[in-house]
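Undergrad: The structure under discussion is supplied below as structure tokens; questions concerning it will follow.
Nothing in this text is a laboratory measurement; each read-out follows from the coordinates by a stated rule. Since the model is a prediction, treat every value here as computed from it, not as a measurement. For neighbour counting, all protein chains shown are included, and Cβ atoms are generated from backbone atoms with ideal geometry for every residue, glycine included.
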Amino acid sequence: MGALAQRLKQTHCGSATCRQRADQEVLQGRWQQVVALATEHAVQQRLGPTSTPPAVVWLDPAPRQLTPVTDALREQLAQAWRQAWAEDRRRGYRGADTAQALPAAATALCAQCGGTCCVQGALHHAFVDAETLERWLLEHPGQTSEDAIAAYLAALPEQHLDGGCAFQTATGCHLPREQRADICNRYVCPALDELGDTLRATPDRAALVFTRQRRRFERAAVLHQGRATPLNHLPQPDELQPPGPPPQAR
Ligand code: SF4
Ligand code: SF4
């Protein structure tokens, strides 16, 4: 920023880059104010221990709009699963089941999130491949791959979240856990990974969870011991004044 702008107490010199940087700094300050207000609320409402400040978790929004699982989508999935079986496609996703690998209180984050990662399931036919179908066949001796595919088709909900996996509903995955692909039961996003570490170290710690899109949050909640309490009356960052200098003493 130029000396003149500084002398005029401007936060930017007027160039697009400088204006953008100044705007980001103001926004960052406002997000910090939102977090401070949420922390205050959590303490007042006793939504966690008062001795340790809550952790802060940022999530990306998941799809929310329901849409029918159409015959065309069913046909598309059946064909993709048939092809995966014929070509013996296996994802071979490594790792441990999150139900065992993470503290139970941490996995409650997924319910609050709504399955942002499940959008990938829309691109990969719910991750059902030869490995998944084979597992079903081992559980159902004497059946064929077509029976396995028919069983997965029968498990589809009538409606799913638009833009998400065909099994993704407003209340979570419609497919029983034991029928899901390994990646579905093992994937841990960075936010969940970090919360898992936090709760392993301090199991009683609360977390403020913000589902954020650019300048706004779509939902906010306090997560404590696996229970999410919505924070309904928090202002959006742009409804706040940027934190200014402390008032001058008279
Ligand atoms: S793993 Fe992460 S992105 Fe996926 S549902 Fe859980 S919190 Fe959301
Ligand atoms: S099958 Fe279930 S867990 Fe897997 S991507 Fe689809 S909705 Fe998500």
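Undergrad: Taking K and R as +1 and D and E as -1, what net charge do the other residues with C-beta under 15 Å from the C-beta of Ala86 add up to?
TA: In short, -3.
Undergrad: Still on this model: Could you work out the helix-only [θ] at 222 nm for the chain, with each DSSP H run of four or more residues adding -39,500 (n - 2.57) and the total divided by the number of residues, to the nearest 500 deg cm²/dmol?
TA: The helix contribution divided over the chain gives -12500 deg cm²/dmol.
Undergrad: In degrees, nearest 10, range 0 to 90: what is the angle between the Cα axis of helix 104-113 and the longest Cα principal axis of the chain?
TA: 80 degrees
Undergrad: Measure out, as a whole number of angstrom, how far apart the alpha-carbon centroids of region 23-58 and region 213-233 sit.
TA: 11 Å
Undergrad: Counting other Cβ atoms within 10 Å, which GluC sites (Glu not before Pro) in region 130-201 have at most 11 and lie in a DSSP loop?
TA: Filter output for region 130-201: Glu158.
Undergrad: Evaluate the relative contact order of the chain (contact order divided by residue number), counting alpha-carbon pairs under 8 angstrom at least 6 apart; express in whole percent.
TA: 30 percent
Undergrad: Here's another thing I want to ask about it. Given R₀ = 41 Å, what would the calculated FRET efficiency be for Arg177 paired with Arg214, taking r from the Cβ atoms and rounding to 0.05?
TA: 0.75
Undergrad: Pull up all non-local amide H partners of His160: gap of 5 or more, or a different chain, and H-to-H distance under 5 Å with H placed in the peptide plane.
TA: For His160, the qualifying residues are Thr67, Val69.
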